[in-house]
1. Quick one: count up the residues across region 32-70 that are in a strand (DSSP E or B), without any contact (Cβ under 8 Å) to a residue 40 or more places away in the chain and within 18 Å of Val12 (Cα to Cα).
2. Six or more apart or on different chains, Cβ atoms under 6 Å: show the pairs whose first residue is in region 20-31 and on the phi < 0 side of the Ramachandran plot and open to solvent by 80 Å² or more (accessible area, probe 1.4 Å) and whose second is part of a loop (DSSP other than H, G, I, E, B) and at pLDDT 90 or above.
Amino acid sequence: MGLTFKAGTSDVLARTLKTLRLPAGDYYAWVACESLIAKALRVQLIADHGANPKWMRAAGYWRRGAVAVHDTHND
């Protein structure tokens, strides 16, 4: 039996990110997923893992309820 999620409603990526050991110092992070989740993961990487926002790209390639979306989260 497979798992099904509605876009933008799962916390599986955020929970997984909490378990990762990321490198000390500067590193490049690239996040690409549903737009709201990409924005939340960017915030989590900065707050919990000390990621440098200048060394990161977070993009939403789809958004729940919308088509043809490409959001870039750099703020």
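1. The initial filter retains those residues of region 32-70 that are in a strand (DSSP E or B), namely 32-34, 56-63, 66.
Still in the running and without any contact (Cβ under 8 Å) to a residue 40 or more places away in the chain: 32-34, 56-61, 66.
Pick out the ones that are also within 18 Å of Val12 (Cα to Cα) and you get 32-34, 58-61.
Final tally of qualifying residues: 7.
2. Listed by first residue and then by second, the contacts come to Asp26/Asn52.
The values are calculated or read from the model by the stated rules, or taken from the named source; none is laboratory data. None of the values given here were measured: they were computed from a predicted structure. Cβ coordinates were reconstructed from backbone atoms using ideal geometry, including for glycine residues, and neighbour counts include every protein chain displayed. The protein model used for the area step is the full one, side chains on, heavy atoms only, and it has no ligands, DNA or RNA in it. Shrake-Rupley method; radii C 1.70, N 1.55, O 1.52, S 1.80 Å.
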